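Following: one structure in structure tokens, then a few remarks.
Any read-out appearing in this document is the output of simple, stated calculations on the displayed coordinates, not a laboratory observation. Quick caveat, the model's predicted, so the values are computed rather than measured. With ideal geometry, Cβ positions are generated from the backbone for all residues, glycine too; neighbour counts draw on all protein chains shown.
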């Protein structure tokens, strides 16, 4: 893969061994080609995001938001743990950014890479939700078939 036209490597991380192996590979690419890494953790949609997606009125989503503050804090703590684990594997000196977004993993990955522009994706072939992937199709497969940029899938 010729990387001279790219600036970023998007690496979805969920704490799984496959995601961490993908991160190791992405780090070696980033060092060799002087690219920055964006760690992306996709959190499950909570009730508020679901309600917004389904078109509930703002008053209903605001009420739900007040009740689900604790759940949001738990999602943030999980994401921070995943990011910390990922950062500990990276060599010193790499430019690394991180973001957490709630939603469908494949859709979020595709949206974020489109926003970045000049990016490639490096991801593991299976994450923590292997049973779900068997039932509805793998996230890596969806990303591979719909991405507008190069995708490397690490086994």
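Take 14, 24 and order them by how many other Cβ atoms sit within 10 Å, fewest up front. The partial results should precede the final answer.
Working: 14 23, 24 14.
If I rank by nearby Cβ atoms, fewest first, I get 24, 14.
Which one of 89, 76, 67 has the biggest mean-square fluctuation once the chain is modelled by GNM with Cα springs under 10 Å?
Among 89, 76, 67, the largest GNM mean-square fluctuation belongs to 67.
Quick one: in segment 68-130, what % of C-alpha pairs are over 17 Å apart?
The share of Cα pairs beyond 17 Å in segment 68-130 comes to 55 percent.
As an exercise, take the mean of 1/r over every pair of distinct alpha carbons in segment 1-112, invert it, and state the Kirkwood radius in angstroms.
Details: mean 1/r = 0.0647 Å⁻¹.
It works out to 15.5 Å.
Helix-only estimate, please: 222 nm mean residue ellipticity of the chain, summing -39500 (n - 2.57) across DSSP H runs of length 4 or more and dividing by its residues, to the nearest 500.
For the chain, the value works out to -16500 deg cm²/dmol.
When a footprinting reagent is the concern and you count Cβ atoms within 10 Å, what order do 7, 146 take, fewest first?
By the 10 Å Cβ count, ascending, the order reads 146, 7.
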